[in-house]
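Colleague: I have a structure I would like to understand better, so I am pasting it below and will then ask my questions one at a time.
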Amino acid sequence: MTDRLNSNFDIRSLLVSILWILTFHSVLIGISLLIIPPSHLGFFGYQDYQGRFFIMQGGVFHLVMSVIYMLPAFRFERYQYLIPIILIAKGIATTFLILYYICIEPVWMILVSGIGDGVMFAAVFFVSQWSQKGR
């Protein structure tokens, strides 16, 4: 079992699995943001928000990010150069969301999103570092 966990193939497979999870997560969030009516945002902690543009822009952004996650998940050797971009995006997202929650607007969904992005950052970071050591 230990030999199997230490093999570079298994570590890379774990990283690819994480990237697929990030891909599906972003697709689901992206589509949800594109179709959710503003009247339902109160459930997530947003009160009296009636605009559609920024919600839909967030949906499109998540779909774009899902492609960035999917490329190295689908063809790791060819697109592994995207891993640092993924880490930068997740690191910025985590920092922004946590600071926004603390300093500007304590909406529970912002905090949950920041924590989630932090967990995704940590997963990609540590597994990609582990994968590098296996080379």
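The values are calculated or read from the model by the stated rules, or taken from the named source; none is laboratory data. Being a predicted model, the structure only gives us computed values, none of them experimental. We place every Cβ from the backbone using ideal geometry, glycine too, and count neighbours over all the protein chains shown.
Colleague: Determine which single condition ILE36 fails, assuming it passes every other condition in (1) of a type in the set (Val, Ile, Thr); (2) under 30 Å from GLN132 (Cβ atoms); (3) surrounded by 13 or more Cβ atoms within 10 Å (Cβ to Cβ).
Modeller: ILE36 satisfies every listed condition except (2).
Colleague: If HIS25 satisfies every condition in (1) assigned to a helix (DSSP H, G or I); (2) more than 16 Å from VAL112 (Cβ to Cβ) but one, which is the exception?
Modeller: With respect to (1) assigned to a helix (DSSP H, G or I); (2) more than 16 Å from VAL112 (Cβ to Cβ), HIS25 is out only on (2).
Colleague: Considering each residue of region 104-114, count those that are farther than 15 Å from ILE92 by Cβ and assigned to a helix (DSSP H, G or I), and give that number. Steps first, answer last, please.
Modeller: Taking region 104-114 as the starting set, the residues that turn out to be farther than 15 Å from ILE92 by Cβ are 104-109, 111-112.
Still in the running and assigned to a helix (DSSP H, G or I): 108-109, 111-112.
Going through region 104-114 one residue at a time, the tally reaches 4.
Colleague: A further question follows. Of the conditions (1) modelled with pLDDT under 95; (2) crowded, with 16+ Cβ neighbours inside 10 Å, LYS90 fails just one. Which one is it?
Modeller: Single failed check for LYS90: (1).
Colleague: What pairs come up if the first residue lies in region 103-117 and is in contact (Cβ under 8 Å) with a residue 12 or more places away in the chain and surrounded by 11 or more Cβ atoms within 10 Å (Cβ to Cβ), the second is of a type outside the set (A, V, I, L, M, F, W, C) and assigned to a helix (DSSP H, G or I), and their beta carbons are under 6 Å apart, counting only those six or more places apart or on different chains?
Modeller: The qualifying pairs are ILE110/TYR100; ILE110/TYR101; LEU111/TYR101; GLY114/THR94; ASP117/LYS90; ASP117/THR94.
Colleague: Still on this model: Does ILE83 satisfy the condition of being surrounded by 11 or more Cβ atoms within 10 Å (Cβ to Cβ), modelled with pLDDT of 95 or more and under 20 Å from ILE21 (Cβ atoms)?
Modeller: In short, yes.
Colleague: Confirm whether ILE31 is at pLDDT 95 or above, farther than 30 Å from ASP10 by Cα, aliphatic (A, V, I, L, M) and in contact with a His (Cβ under 9 Å, 6 or more places away or on another chain). Working first, answer last.
Modeller: Values: at pLDDT 95 or above: yes; farther than 30 Å from ASP10 by Cα: yes; aliphatic (A, V, I, L, M): yes; in contact with a His (Cβ under 9 Å, 6 or more places away or on another chain): yes.
So ILE31 fits the description; yes.
Colleague: Can I ask one more? For the condition among the hydrophobic types (A, V, I, L, M, F, W, C), touching a residue at least 40 places away in the same chain (Cβ under 8 Å), in a helix (DSSP H, G or I) and surrounded by 15 or more Cβ atoms within 10 Å (Cβ to Cβ), what is the one hit in MET70, MET56?
Modeller: Values: MET56 fails: touching a residue at least 40 places away in the same chain (Cβ under 8 Å).
Answer to the check: MET70.
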